[in-house]
Amino acid sequence: MALSRGWARLAGLAAILLVAPAAIFALVLAFAVAWAYPGLPSIEALTDYQPKVPLRVYSAEGLLLGEFGEERRSVVRFADVPVLMRQAILAAEDDRFYQHGGVDLIGVARAAISNIGSAGRQQGASTITMQVARNFFISSEKTYTRKFYEALLAFKIEASLAKDKIFEIYINQIFLGQRAYGFASAAQIYFGKPLKDITAAEAAMLAGLPKAPSAFNPVVNPKRARTRQLYILDRMKSLGYLTVEQHAAATREPLNVRREINDFPVKADFVAEMARQLAQERFGDEIYTRGLRVHTTIRKADQEAAHAGLRRAVLDYERRHGYRGPESFVELKTATEDELEDALQDINDSEDLRAAVVLDASPKEVRAYRRGGETVRITGDGLRFVANALSDKAQPNRRIRRGAVVRIIQDDKGAWSIVQMPEVEAAFVSVAPEDGAVRALVGGFDFNANKFNHVTQAWRQPGSSFKPFIYSASLEKGLTPSTVINDAPIFIDPALTGGQLWEPKNYDGKYDGPMRMRTALAKSKNLVSIRILQQITPQFAQEYVARFGFDADKHPPYLTMALGAGSVTPWQMVGAYAVFANGGYRINPYIITRITDDGGRVLAEAKPARAGDESIRVIDPRNAFIMNSMMNDVTKFGTAARAGAILKRGDLAGKTGTTNDHVDAWFAGYQANLVGVAWIGFDQPKKLGGQETGGVAALPIWISYMQRALRGLPESTRQVPEGVINVGGEWYFREFAPGESSVQSLGLSDGTPEGEKKAEEVRNQLF
């Protein structure tokens, strides 16, 4: 009996010793909670959740052209998140999310047991709610104090928000690498598809990112990402989210992870940057977080055609001028994959122009390593461009050998060729002439290599592409397409050029004598243009060209204006040529139709003037009609005859442009529904080459674009304006018809009776 009482006392003492610390701990914990809970931050940021959504720029069809903001985020409602995606997240992060109250005590116990005696990485027990608390209110430092506050906040959040709302916030807020915030954005960035189309395999890969976005990033660490994905797929199967068959299929599914994470459905970097600048001017820096949407006039098919045509023309120019040699050289010791990847680390690909390291080279074959682990073989025609650089006689800095860094490109049949990054630049822009809506804009060869927008920022001499504006001015002064003008040498006094004695020449150095003004424009005769400008005076021409949107001060009133010695941008040129295309109306090119907020409310909207509004008429419709007729001949018989021959259309018009010493090459042209301007040249002006005229270097860009943009569009026919008559197959203003007060000829006589008689004989021979 006494023994029993002794054991009882001992048991009681043991109970006191065990319970007392627990009770004390509970009291301390209760006191800490009572003291800390009132000081917790307000969770208004969650109850009124306003995520930072970047500025997005869209094409006319609603396709994404670009986005700007520190956080790339696409907000998605919980109901729109696929069940597979939710299940993958629960399996990876918190499978008891719908059972616990913010802190998973079972999960904490499980993690504690797992961590006892573990010398490796410790297992965590953060719930989805705790992660939301951490992302919004608490630093990520690993301390017990932070964990305590995190748990308290989790309880507070759970008391205020429904489970689905907490899950929705998590899905939209969590950082997932590559500047992606939220699973909808990550699906687009990593797989190029909307979240609703994600597969189980892709969902598991994305669900593995929150644990460590850099460590499990499929772009940077594909092997670790794959290990994490398989773990999550196993968890999904064990939790009953996937059947055995679905699990097996998901583990076998190949993942097409986008390595170029900045890709958008339409390549329009220069357009996106223009839109960003315009939006920032209007709304300030808040554009990067408010989720504003900029809707542009750009059309997908047009933009793709312009982009492809420009890059093809630039690469063709590079091929015509020979290989300059490898971009650089690296010393290869072991040529392991790590060493080769390091060699390419700081060299960016330029879209389809891939950087590669040569492993071995001979005149018959080059083997090269390209980023991502692929070794390619280049043979035959793929080496034609660099044949001289594969010779033993090649200069050391130009020779392709082991360790050389080169550019390679793959054709439609899968064959590789060695090319080179261009030094020359180019630009193209097209607009709808009825209101100036920009349909395509490419500001340079590669935005990532050179962000200078040559469409809007490059002030260059227009050369002969400026002549139509001088000819247009001359029609107002009594000249006609049949006016006979002498294509003969001329010497210009320095006072008339703004410089020194000037002896201008034609491009080919030849003189064809008297010819009609129509023929002179088609053949781009410089001496004829100068005689026209002499007749109408440079001062009148300077005032006249301002009607088209040119800056008068950039076109000094000297005879050199006849050859396009002033300064223009392609943006100005496309607006100016639109005047001829639309019958005489001055429209202003524009690129943004409207800006809306994230909810679709219109904040700003374009209201462009349209052709037909007589308040914006700048030239007589008769003038526009006759100029169109003359420039139509340029594309049929003149310096741009390739355009008519290739496109097989009779409704094209335009003018080539080549500046002095072949520094700039242009083609500006149009069809009734579309105006396009192409330019090519060097940023630091220098000669393009003796044969690089506007018809050779720039016209191919325009043709390539128009082949696609005008496909299926019937030929247009212009109505003859009132006051225009046709005599002998030629068009005239009624008041300047033959026999009236028109200018019959220029430069044919010396003013003497004998000279006038000779001029009359020449005119009779031409008519």
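Step by step: first the residues of the range 504-534, then only those that are closer than 21 Å to Lys636 by Cβ, outside any loop (DSSP other than H, G, I, E, B) and basic (Lys, Arg), then the one that is least open to solvent (accessible area, probe 1.4 Å). Which residue is that? Checked the range 504-534; the qualifying residue least open to solvent (accessible area, probe 1.4 Å) is Arg518. Which of the helices (runs of 4 or more DSSP H) contained wholly in the range 121-216 include at least 2 residues that are open to solvent by less than 30 Å² (accessible area, probe 1.4 Å), β-branched (Val, Ile, Thr) and modelled with pLDDT of 90 or more? Passing ranges, in order: 163-173.
On inspection, Ala186 qualifies as out of contact with any Asp or Glu (no Cβ under 6 Å at 6 or more places or on another chain) and either farther than 20 Å from Val132 by Cα or hydrophobic (A, V, I, L, M, F, W, C) (or both).
For the range 275-294, a tally of residues being open to solvent by less than 30 Å² (accessible area, probe 1.4 Å) and touching a residue at least 24 places away in the same chain (Cβ under 8 Å) returns 6. Considering the conditions (1) surrounded by 22 or more Cβ atoms within 10 Å (Cβ to Cβ); (2) modelled with pLDDT of 90 or more; (3) out of contact with any Leu (no Cβ under 6 Å at 6 or more places or on another chain), Leu64 is excluded by exactly one of them, (1).
What about Gln99, is it open to solvent by 60 Å² or more (accessible area, probe 1.4 Å), modelled with pLDDT of 85 or more, farther than 30 Å from Phe191 by Cα and of a type in the set (S, T, N, Q)? So Gln99 passes the test.
Each residue in the range 259-300 was checked for being within 29 Å of Gln50 (Cβ to Cβ) and among the basic types (Lys, Arg), and 4 pass. Can you confirm whether Tyr511 is free of Cβ contacts under 8 Å to residues at least 60 places away in the same chain, of a type in the set (Ser, Thr, Tyr) and in contact with a strand residue (DSSP E or B) (Cβ under 7 Å, 6 or more places away or on another chain)? Yes: the conditions hold for Tyr511. Of the listed requirements (1) crowded, with 16+ Cβ neighbours inside 10 Å; (2) more than 30 Å from Val574 (Cα to Cα), Arg384 misses just one: (1). Against the list (1) open to solvent by less than 70 Å² (accessible area, probe 1.4 Å); (2) under 25 Å from Ile89 (Cβ atoms), the condition Pro254 fails is (1). Filtering Glu93, Glu70 for residues that are touching a residue at least 12 places away in the same chain (Cβ under 8 Å) and surrounded by fewer than 17 Cβ atoms within 10 Å (Cβ to Cβ) leaves a single hit, Glu70.
In a residue-by-residue description of the range 543-553, the property of being acidic (Asp, Glu) and over 29 Å from the mean Cα position of the chain (by Cα) applies to at least one position. Would you confirm whether any residue within the range 285-296 is modelled with pLDDT under 95, aromatic (Phe, Trp, Tyr) and closer than 18 Å to Asp349 by Cα? Within the range 285-296, not a single residue is modelled with pLDDT under 95, aromatic (Phe, Trp, Tyr) and closer than 18 Å to Asp349 by Cα. Look through the range 295-305, keep the residues that are assigned to a helix (DSSP H, G or I) and of a type outside the set (Asp, Glu), and return whichever of them is surrounded by the fewest Cβ atoms within 10 Å (Cβ to Cβ). Among those residues, the one meeting the criterion is Ala301. Selection of the range 505-562 for residues being of a type in the set (Ser, Thr, Tyr), at pLDDT 95 or above and in contact with a Gly (Cβ under 8 Å, 6 or more places away or on another chain) yields only Ser524. When the range 736-749 is limited to residues that are open to solvent by less than 70 Å² (accessible area, probe 1.4 Å) and out of contact with any Ser or Thr (no Cβ under 6 Å at 6 or more places or on another chain), the one that is farthest from Lys648 (Cα to Cα) turns out to be Ser749. Listed here are the helices (runs of 4 or more DSSP H) enclosed by the range 551-654 that have at least 2 residues being of a type in the set (Phe, Trp, Tyr) and crowded, with 24+ Cβ neighbours inside 10 Å: 570-581. Look at (1) open to solvent by 50 Å² or more (accessible area, probe 1.4 Å); (2) touching a helix residue (DSSP H, G or I) at 6+ places or on another chain (Cβ under 6 Å) and you find that Pro489 fails only one, number (2). Within the range 301-316, the set of residues being touching a strand residue (DSSP E or B) at 6+ places or on another chain (Cβ under 6 Å) and under 25 Å from Gly62 (Cα atoms) comprises Asp302, Gln303, Ala306, His307, Leu310. Note on the range 390-416: among residues that are among the aliphatic types (A, V, I, L, M) and out of contact with any Leu (no Cβ under 9 Å at 6 or more places or on another chain), the one that is surrounded by the most Cβ atoms within 10 Å (Cβ to Cβ) is Val406.
Return yes when Leu353 is touching a helix residue (DSSP H, G or I) at 6+ places or on another chain (Cβ under 7 Å), open to solvent by less than 40 Å² (accessible area, probe 1.4 Å) and within 15 Å of Ser417 (Cβ to Cβ) and no when it is not. Here the answer is no, as Leu353 does not meet what is asked.
If you go through the range 356-381 and keep only what is open to solvent by 50 Å² or more (accessible area, probe 1.4 Å) and either under 13 Å from Ala404 (Cβ atoms) or hydroxyl-bearing (Ser, Thr, Tyr) (or both), you end up with Asp360, Arg367, Thr375, Thr379.
Looking across the range 326-353, the residues that are assigned to a helix (DSSP H, G or I), farther than 23 Å from Phe445 by Cβ and touching a strand residue (DSSP E or B) at 6+ places or on another chain (Cβ under 7 Å) come down to Leu340, Ala343.
Among the residues of the range 660-677, those identified as buried (at least 24 other Cβ atoms within 10 Å of the Cβ) and under 20 Å from His321 (Cα atoms) are Asp664, Ala665, Trp666.
Can you tell me which residue within the range 683-735, out of those that are assigned to a strand (DSSP E or B) and of a type outside the set (A, V, I, L, M, F, W, C), is most open to solvent (accessible area, probe 1.4 Å)? It comes out as Asn726. Taking the criterion of being open to solvent by 30 Å² or more (accessible area, probe 1.4 Å) and touching a strand residue (DSSP E or B) at 6+ places or on another chain (Cβ under 9 Å), the residues of the range 417-437 that qualify are Ser417, Met421, Glu434.
The values are calculated or read from the model by the stated rules, or taken from the named source; none is laboratory data. Just so it is clear, the structure is predicted and the values come from calculations on it, not from any experiment. Positions of Cβ are generated from backbone atoms using ideal geometry, with glycine treated the same way; all protein chains shown enter the neighbour counts. Keep in mind that these areas ignore ligands, DNA and RNA; they rest on the heavy atoms of the full protein, side chains included. Shrake-Rupley method; radii C 1.70, N 1.55, O 1.52, S 1.80 Å.
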